[in-house]
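What follows is a single structure, written as structure tokens, with notes after it.
The values are calculated or read from the model by the stated rules, or taken from the named source; none is laboratory data. Note that the coordinates shown come from a computational prediction; the quantities given were computed from them, not determined experimentally. FYI the Cβ positions are ideal-geometry reconstructions off the backbone, even for glycines, and counts take in every protein chain you see. Just so you know, the surface numbers come from the protein's heavy atoms only, side chains and all, with ligands and any DNA or RNA stripped out. Shrake-Rupley method; radii C 1.70, N 1.55, O 1.52, S 1.80 Å.
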Amino acid sequence: MRRVGALVIALVLLSLIPVFGSVSATQTNLSGYTICVDAGHGGTDPGAVANGVEEKNINLAIALKVAKLLEEDGAKVVLTRDGDYFVTLSDRVKIANSAGCDIFISIHANAASDTSASGFEVYHYYGSAKGNLLATYVDEEIAKEIPLKNRGVKEAGFYVLKYTSMPAILIETGFVTNSYDVSIITNESYQWRYAYAILYGVQRYFGVPVHDPVPTVTDIRFAQHNGYFRVVLDMSQKADYSTFYYYYGYYIVVEIPNAKLADLGWSSDGTWQYTGTGSETVPYIYATEYNGTVYIVLELNTPYLDYNAFTLSNPHRIVIDVYG
Ligand code: ZN
């Protein structure tokens with residue numbers, strides 16, 4: 001057993017970490033921005049109703065996905081509603097204005113008596129140059145992601161566009177009165193495509209390179225099973241990774257480039273987070289993030305124990321099974 005001084009040995013692993021220069025001052029994500037996401041209608045107000053769907057539910061489903069991606073990219077998100085309840089238009093505006101949001105994004109779906117009317121469009125307030133810029137970027141990005149007619153950027157005097165004190169847009173994602181549009185806007189994977197498109201449009205608006213949010217290791221769980229010790233890395237989204245033995249086979253290292261590590265609530269020496277597992281097979285697990293790469297280190301009781309690393313696609317997880 002080498003448990004005494006295990007942390008000291010783990011610090012040797014710091015030699016894994018190449019030293020680079022200081023990070024660039026250029027903003028690379030949405031951290032520092034506060035973004036209001038407004039799911040139209042709700043509760044007693046269903047919005048447009050047709051083809052067996054209520055607009056309020058589509059708006060909320062997309063708005064929550066938008067909020068998740070914006071937060072994963074570092075933004076602070078203020079939702080005017082996060083469930084199926086009624087919020088007045090003036091309360092929506094108050095929420096956005098009192099939170100000092102930098103931009104306001106309202107999500108709606110359209111309706112028309114002509115059931116052939118189809119497509120998405122993005123509104124801003126009359127004459128708002130910043131609103132027009134944001135609307136244009138979001139409209140262009142939706143056009144890349146969503147197989148619906150692009151009805152373009154338009155001006156309107158909608159209450160939430162008029163009275164919010166920040167650049168504001170209102171997205172009509174599609175027509176609930178058109179059955180093809182409904183097949184798109186109620187589809188979970190297309191709802192995610194809307195959310196990514198809105199994220200990309202917002203990134204362009206703030207001059208941030210267009211990119212998907214950096215995958216984050218949000219939790220590390222482990223358990224001793226009969227014949228193997230399993231470690232599960234919960235990721236905010238799918239990430240590439242590699243594994244290798246280190247230090248005469250006493251460590252298995254999982255290296256995840258372009259990723260972040262959440263606070264695991266473990267012990268910490270300021271460089272590594274670490275925890276004792278109570279397992280004979282893998283007595284300690286260490287985790288750190290350095291220059292955009294996450295290192296997860298499993299300390300083995302016996303060197304070169306067989307292991308198997310694999311991913312589960314939904315939810316995104318990296319699993320390491322160590323046999324011994
Ligand atoms: Zn609406």
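Cα centroids of segment 71-120 and segment 245-301: 41 Å apart.
Net charge within 12 Å of Ile252 by Cβ-Cβ distance, Lys/Arg positive one each and Asp/Glu negative one each, not counting Ile252 itself? Walk me through the numbers on the way to the answer.
On the way: positive: none; negative: Glu255, Glu299, Asp306, Asp321.
Charge balance near Ile252 sits at -4.
Would you mind estimating how fast the chain diffuses translationally, via Stokes-Einstein at 20 °C and 1.002 mPa s with the Kirkwood radius over Cα pairs, in µm²/s? Intermediate results must be reported in sequence, preceding the final value.
Values: Rh = 22.0 Å.
Stokes-Einstein gives a translational diffusion coefficient of 97 µm²/s.
Taking all protein chains as present, what is the carbon and sulfur share of the accessible area of the chain, in % to the nearest whole number, probe 1.4 Å?
51 percent
Bridgeable lysines around Lys154 (alpha carbons under 23 Å apart, same-chain partners fewer than 8 residues away excluded): Lys56, Lys130, Lys144, Lys162. Across segment 134-145, rounded Karplus estimates of 3J(HN,Hα) from the backbone phi angles (6.51 cos²θ - 1.76 cosθ + 1.60, θ = phi - 60°) give 4, 4, 5, 4, 5, 4, 5, 6, 4, 4, 6, 9 Hz, Gly and Pro being marked x. Any idea what log10 I(q)/I(0) is at q = 0.18, 0.22 Å⁻¹ for segment 56-182, Debye with uniform C-alpha scatterers and no solvent? Summing over Cα pairs of segment 56-182 leads to -1.04, -1.50. The helix-based estimate of mean residue ellipticity at 222 nm for the chain, built from -39,500 (n - 2.57) per DSSP H run of four or more residues and divided by its residue count, is -8000 deg cm²/dmol to the nearest 500. Heavy-atom accessible area for Tyr125, with the other protein chains in place and a 1.4 Å probe, reaches approximately 70 Å². For segment 98-106, 3J(HN,Hα) computed residue by residue from phi via the Karplus equation (6.51, -1.76, 1.60; θ = phi - 60°) reads 6, 7, x, 5, 7, 9, 10, 10, 9 Hz, glycine and proline entered as x. Near Gly152, the amide H atoms lying under 5 Å from its own belong to Val122; only residues 5 or more places off or on other chains count, and H is placed 1.01 Å from N.
Would you kindly calculate the translational diffusion coefficient of segment 119-220, applying Stokes-Einstein with the Kirkwood radius from alpha carbon pairs, for 25 °C and a viscosity of 0.890 mPa s, and quote it in µm² s⁻¹ without decimals? Kindly include the intermediate steps, with their values, before the conclusion.
Numbers: Rh = 14.4 Å.
Diffusion coefficient, whole number: 170 µm²/s.
Scanning residues 5 or more positions from Tyr290 or on other chains, those with amide H under 5 Å from its amide H are Tyr295, with H placed 1.01 Å from N in the peptide plane. Neighbours of Lys130 by Cβ distance under 14 Å: Lys/Arg scored +1, Asp/Glu scored -1, total -1.
Take the Cβ atoms of Asp306 and Ser189, set R0 to 22 Å, and the FRET efficiency comes out at 0.05. For segment 151-190, the solvent-accessible area works out to 40 Å² per residue, with a probe of 1.4 Å and every protein chain left in place. Taken along its principal axes, the alpha carbon cloud of segment 41-121 reaches lengths of 39, 26, 19 Å, longest axis first.
Here the 3J(HN,Hα) profile of segment 318-323, calculated from phi with Karplus coefficients 6.51, -1.76 and 1.60 at θ = phi - 60°, is 10, 10, 10, 9, 10, 9 Hz, Gly and Pro shown as x.
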